[in-house]
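The values are calculated or read from the model by the stated rules, or taken from the named source; none is laboratory data. For clarity, every value in this text was computed on a predicted model and none was experimentally measured. Neighbour counts are summed over all protein chains in view; Cβ atoms, including those assigned to glycine, are modelled from backbone coordinates with ideal geometry.
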Amino acid sequence: MIVVNAKIESDVQSIAAMKDAINAMEAASRAESGCHDYTFSVELNDPAVLRITERWDTMDDLNVHFATPHMAEFQAAMGAHPPKSVVATFYEATEVDRPGA
């Protein structure tokens, strides 16, 4: 399993302006082969920070995702509302039982 955690520092107005692009990106990504989760969220204590959580079967699935038209469209929307910073971290993970289970 490949897990992606991304943090986008922006501003409230830009995040609101990107809402349609975010909705389209979530829906299209979730329909891709190998995608188990693709979720945007706004931090409760800092509404200018957008988080993205993704789970993919393989790195190949993720590479295909990066080449999709909806990724290009989302990148264009981000370009129209440039964030202050974007940091993405990629992990290869194995699911384990919850502690105490």
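Checking the structure you have, find out if any residue of region 10-25 is charged (D, E, K, R), at pLDDT 95 or above and in contact with a strand residue (DSSP E or B) (Cβ under 7 Å, 6 or more places away or on another chain). No; the residues of region 10-25 include none that is charged (D, E, K, R), at pLDDT 95 or above and in contact with a strand residue (DSSP E or B) (Cβ under 7 Å, 6 or more places away or on another chain). Considering only residues in region 61-78 that are surrounded by fewer than 15 Cβ atoms within 10 Å (Cβ to Cβ) and either touching a residue at least 60 places away in the same chain (Cβ under 8 Å) or aliphatic (A, V, I, L, M) (or both), the one that is nearest to Ile2 (Cα to Cα) turns out to be Ala67.
Could you please find all residues in region 65-91 being within 14 Å of Asp20 (Cα to Cα) and either within 15 Å of the chain's Cα centre (by Cα) or of a type in the set (Gly, Ala, Ser) (or both)? Let's see the steps before the verdict.
Within region 65-91, the subset within 14 Å of Asp20 (Cα to Cα) is 70-71, 73-78, 80-81.
Matches in region 65-91: His70, Met71, Glu73, Phe74, Gln75, Ala76, Ala77, Met78, Ala80.
Of all residues in region 47-59 being not in a strand (DSSP E or B) and not acidic (Asp, Glu), which is nearest to Thr89 (Cα to Cα)? Walk me through it before giving the result.
Step one: of region 47-59, the residues not in a strand (DSSP E or B) are 47-48, 57-59.
Now restrict to residues that are not acidic (Asp, Glu): 47-48, 58-59.
Working: Pro47: 21, Ala48: 19, Thr58: 15, Met59: 13 Å.
Among residues in region 47-59 that are not in a strand (DSSP E or B) and not acidic (Asp, Glu), the one nearest to Thr89 (Cα to Cα) is Met59.
For Val49, indicate whether it is modelled with pLDDT of 95 or more and either acidic (Asp, Glu) or surrounded by 13 or more Cβ atoms within 10 Å (Cβ to Cβ) (or both). The answer is yes for Val49.
Contact map, region 38-60: residues that are without any contact (Cβ under 8 Å) to a residue 12 or more places away in the chain paired with residues that are part of a strand (DSSP E or B) and of a type in the set (Lys, Arg), Cβ distance under 8 Å, separation 6+ or inter-chain. Pairs shown: Glu43/Arg51.
I need the full set of residues from region 44-59 which are within 25 Å of Pro82 (Cβ to Cβ), within 14 Å of the chain's Cα centre (by Cα) and not aliphatic (A, V, I, L, M), in order please.
Filtering region 44-59 for residues within 25 Å of Pro82 (Cβ to Cβ) gives 44-54.
Of the ones still in play, those that are also within 14 Å of the chain's Cα centre (by Cα) are 49-54.
Within region 44-59, Arg51, Thr53, Glu54 meet the criteria.
Taken over region 1-46, the criterion of being part of a helix (DSSP H, G or I), surrounded by 14 or more Cβ atoms within 10 Å (Cβ to Cβ) and either out of contact with any helix residue (DSSP H, G or I) (no Cβ under 9 Å at 6 or more places or on another chain) or not aliphatic (A, V, I, L, M) (or both) is satisfied by Ser14, Glu26, Ser29.
Only a single criterion out of (1) among the aliphatic types (A, V, I, L, M); (2) in a strand (DSSP E or B); (3) over 11 Å from the mean Cα position of the chain (by Cα) is not satisfied by Leu62, namely (2).
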